[in-house]
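The values are calculated or read from the model by the stated rules, or taken from the named source; none is laboratory data. Because the structure is a prediction, the values reported are computed rather than measured. We place every Cβ from the backbone using ideal geometry, glycine too, and count neighbours over all the protein chains shown. SASA here: full protein model, heavy atoms, side chains in, ligands and nucleic acids out. Shrake-Rupley method; radii C 1.70, N 1.55, O 1.52, S 1.80 Å.
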Amino acid sequence: MDAREKTISKTIAYRGSILNLRIDKVEIPGGRKTVREVVEHSPAVAVLPVEADGTVYLIRQYRYAIGDEILEIPAGLVESGEDFDRCAERELQEEIGYFPGTLREIGRMYNSPGFCTEMLILYLATDLRPSKLQADDDEFIHLHPVPAGEIRKLLEEGKIVDGKTFAALTWYLAFQEKI
């Protein structure tokens, strides 16, 4: 049985600076009609910066939507016409003040594919060297270095609640001997 849904119509309900909200009418398998709410979102990158000794650089940042500060890996939206790799390099420089000597894509993921189109490209950055760019004026970021031996504890204690960071750190624990 074909599980794809047939689009009947698409309407933009909201157009914003970083996302659009689209309301789609669709026909699902079996012929019934329903509505899908879709957040159209540009791609983003997220970078796991790792020092030679295994220390990982996380950032602590207040997130208005959840009303709390959380630990995350550096990340940001890909600007129009920007290459994913260059975006990852720029975000590292803006958020933690380092440039990666080696940058490797480790995966791609959708955070919430049930309603959002955002593709997140995950990177591993190593051979880090100081190189600071001006941070965005609406971001207040604090560097939070984490020794390799403490990563598992952060995950076990539920201190990592950001999806991209959880994915990157579990990837790191699974594959750190191959880095």
query = Can you name every residue in the range 125-179 that is in contact with a Gly (Cβ under 6 Å, 6 or more places away or on another chain) and either of a type in the set (Phe, Trp, Tyr) or surrounded by 15 or more Cβ atoms within 10 Å (Cβ to Cβ) (or both)?
reply = Ala148
ask   = How many of the residues in the range 19-32 are surrounded by fewer than 11 Cβ atoms within 10 Å (Cβ to Cβ) and either at negative phi or β-branched (Val, Ile, Thr) (or both)?
value = 1
request  = Quick one: which strands (runs of 3 or more DSSP E) lie wholly within the range 1-90 and hold at least 2 residues that are more than 20 Å from His142 (Cβ to Cβ) and over 17 Å from the mean Cα position of the chain (by Cα)?
outcome  = 6-15, 19-27, 33-41
query = Within the range 1-18, which residues are more than 23 Å from Ala44 (Cβ to Cβ) and either open to solvent by less than 90 Å² (accessible area, probe 1.4 Å) or β-branched (Val, Ile, Thr) (or both)?
reply = Asp2, Ala3, Glu5, Thr7, Ile8, Ser9, Thr11
